[in-house]
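To keep things clear, I will list the structure first and then write my remarks on it.
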Amino acid sequence: MGLFHAEPAPTCVVPKGFSLTLVEPQYPVNLGHVARLTKNFGIKKLYLVHPKVDMSVASIYASHATDVLENAEVLSFQQVRERNELLIATTAVRAQKKSNVIRRSVRPEQIGRYVRSAGSASLVLGRDTTGLTNEEIKMCDMTTVIDTGSLYRTLNISHAAAILLYILSTERVESYKAPSRRTREIFAESLNGLAAASRMPHHKMRNMLEVGRRMAVTSQLSDRQLLFMSGVFRKAVGTIEEIQGRTSKT
């Protein structure tokens with residue numbers, strides 16, 4: 001018997017219903033390499049938002065994954081949003097202020113739990129040079145950042161995709177049913193309503209909807225639990241308005 005016991009290699013399986021989205025890809029080499037990754041990890045969908053690339057040149061870099069480019073769908077960002085229960089934005093720019101809610105990131109090792117719980121999810125990669133805009137990140141449900149451990153944090157999009165897909169495909173996570181996007185929106189709106197009724201300062205109210213949306217998606221609470229809390233918030237708003245109405249009459 002040997003002195004060392006080799007652990008079995010993890011099975012690389014990307015969750016069903018998972019896709020990649022590239023926003024305004026410009027360089028053929030990057031798109032070609034991402035197409036190869038799409039095929040490497042068995043991803044069924046590749047979405048391209050306003051591509052600005054020569055597809056014939058990209059197919060050279062795609063090698064045996066030219067079929068991925070041929071089957072890639074060109075959509076608007078809004079259409080990608082509508083097709084997916086969960087969108088994960090990628091960025092190299094971390095939040096410097098607490099008020100910058102949309103750039104508060106979830107570690108790559110943690111996103112698997114949420115992706116596997118969603119019926120459909122897409123990893124969104126930004127432009128080759130400038131990444132995603134704040135408005136595009138705001139349309140996503142969570143944001144992730146790869147920590148390079150240096151001051152130079154910006155990765156080539158195909159390199160970032162390779163790292164994230166490997167982490168996602170080898171991660172062993174417990175089963176978990178995430179709340180639906182509709183439930184998350186109800187929770188965010190009811191929280192926003194409570195904040196407004198409480199007369200929270202305007203500068204804090206500005207990001208309340210976004211805080212609620214991202215709080216709901218990472219809360220690990222079920223639809224039922226979030227809807228229960230939403231009901232409590234609405235009841236509280238009703239009570240506050242009733243008290244304020246009585247006060248105004250006296």
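Tell me whether region 92-102 contains one or more residues that are free of Cβ contacts under 8 Å to residues at least 60 places away in the same chain, surrounded by fewer than 16 Cβ atoms within 10 Å (Cβ to Cβ) and in contact with a strand residue (DSSP E or B) (Cβ under 8 Å, 6 or more places away or on another chain).
There is at least one residue in region 92-102 that is free of Cβ contacts under 8 Å to residues at least 60 places away in the same chain, surrounded by fewer than 16 Cβ atoms within 10 Å (Cβ to Cβ) and in contact with a strand residue (DSSP E or B) (Cβ under 8 Å, 6 or more places away or on another chain).
Does TYR166 satisfy being among the aromatic types (Phe, Trp, Tyr) and assigned to a loop (DSSP other than H, G, I, E, B)? Step through it out loud before you land on a result.
On the way: among the aromatic types (Phe, Trp, Tyr): yes; assigned to a loop (DSSP other than H, G, I, E, B): no.
Spelling it out, it is not the case that TYR166 is among the aromatic types (Phe, Trp, Tyr) and assigned to a loop (DSSP other than H, G, I, E, B).
Yes or no: region 232-247 includes at least one residue that is under 23 Å from ILE137 (Cβ atoms) and either in a helix (DSSP H, G or I) or not assigned by TED's automatic domain parsing to the domain that holds ARG104 (or both).
Checking region 232-247: not a single residue is under 23 Å from ILE137 (Cβ atoms) and either in a helix (DSSP H, G or I) or not assigned by TED's automatic domain parsing to the domain that holds ARG104 (or both).
Can we say GLU73 is assigned by TED's automatic domain parsing to the domain that holds MET142 and without any contact (Cβ under 8 Å) to a residue 12 or more places away in the chain?
Judged against the criteria, GLU73 is not a match.
Residue-wise test of (1) surrounded by 21 or more Cβ atoms within 10 Å (Cβ to Cβ); (2) in contact with an Asp or Glu (Cβ under 8 Å, 6 or more places away or on another chain); (3) not in a helix (DSSP H, G or I).
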position	(1), (2), (3)
LEU31	yes, no, no
ARG81	no, no, no
LEU87	yes, yes, yes
GLY119	no, yes, yes
CYS140	yes, no, yes
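If a residue has to be more than 14 Å from the chain's Cα centre (by Cα) and under 17 Å from ILE43 (Cβ atoms) to count, how many in region 102-158 make the cut?
2
Could you check how many residues of region 121-138 are of a type in the set (S, T, N, Q) and either touching a Cys at 6+ places or on another chain (Cβ under 8 Å) or buried (at least 21 other Cβ atoms within 10 Å of the Cβ) (or both)? Break it down stepwise before answering.
We begin by selecting, within region 121-138, every residue of a type in the set (S, T, N, Q); these are 122, 129-130, 133-134.
With the extra rule that they be either touching a Cys at 6+ places or on another chain (Cβ under 8 Å) or buried (at least 21 other Cβ atoms within 10 Å of the Cβ) (or both), the set shrinks to 122.
Here the count works out to 1.
The values are calculated or read from the model by the stated rules, or taken from the named source; none is laboratory data. Owing to the predicted nature of the structure, the values given are computational and were not obtained by experimental measurement. FYI the Cβ positions are ideal-geometry reconstructions off the backbone, even for glycines, and counts take in every protein chain you see.
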